[in-house]
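Take a look at the structure set out below.
Quick note: the coordinates plus some simple rules give every number you see, no bench work behind them. No experiment lies behind these values; they were computed from the predicted model shown. Positions of Cβ are generated from backbone atoms using ideal geometry, with glycine treated the same way; all protein chains shown enter the neighbour counts.
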Ligand code: 9L3
Ligand code: MG
């Protein structure tokens, strides 16, 4: 049986706005917007992976708050797990993304979300009155 790839994503919220990041690669995803994050390394906890990814991609320290939903299917072989998060140190910089954007609740659908992230945004939107 093929191992399932676990991808973790951060819904970083600050001042009532949600951080979104525009992917640079691979080509078929470039330009799409996502919750920042990435693959969990072997032997690494999901939470440690997400804190690490936020450091690598955004140069920030985050504190994870609560899980958003369960396992979100990305493909036959990959699933996405999401946490809300708060900034503890630093201001996000796009070290690996094309751009970053802070979205107010009313702006949540102004970006072209990756298809795998969209259902997660729907749950976040239901939590945050516009
Ligand atoms: N992915 C989808 N939504 C997300 C994230 C962080 C990642 N919010 C997908 C894109 C890649 C795979 O998961 O196909 C691994 O992500 P990364 O390690 O390239 O960021
Ligand atoms: Mg990533």
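Quick notes
- Count - residues of segment 28-51 that are farther than 18 Å from residue 100 by Cα, out of contact with any strand residue (DSSP E or B) (no Cβ under 7 Å at 6 or more places or on another chain) and within 16 Å of ligand 2 (Cβ to nearest atom): 4
- Selection from segment 61-86 of residues that are in contact (Cβ under 8 Å) with a residue 40 or more places away in the chain, within 19 Å of residue 21 (Cβ to Cβ) and either touching a helix residue (DSSP H, G or I) at 6+ places or on another chain (Cβ under 9 Å) or within 16 Å of ligand 2 (Cβ to nearest atom) (or both): 62, 64, 68, 72, 74, 78, 80, 81, 82, 83, 84, 85
- Count - residues of segment 45-60 that are in contact with a helix residue (DSSP H, G or I) (Cβ under 8 Å, 6 or more places away or on another chain) and within 13 Å of ligand 1 (Cβ to nearest atom): 0
- Selection of first residues in segment 29-47 that are free of Cβ contacts under 8 Å to residues at least 60 places away in the same chain and under 22 Å from residue 123 (Cα atoms) and of second residues that are within 13 Å of ligand 1 (Cβ to nearest atom) and assigned to a loop (DSSP other than H, G, I, E, B), restricted to Cβ pairs under 6 Å at least 6 apart or on distinct chains, gives the following pairs, ordered by first then second residue: 46/40.
- Residues of segment 17-27 satisfying the condition of being near ligand 1 (Cβ under 9 Å from one of its atoms) and either touching a helix residue (DSSP H, G or I) at 6+ places or on another chain (Cβ under 9 Å) or under 15 Å from residue 100 (Cα atoms) (or both): 21, 23, 25
- For residue 117: the one exception among (1) closer than 12 Å to residue 18 by Cβ; (2) loosely packed, with under 15 Cβ neighbours inside 10 Å; (3) within 16 Å of the chain's Cα centre (by Cα): (2)
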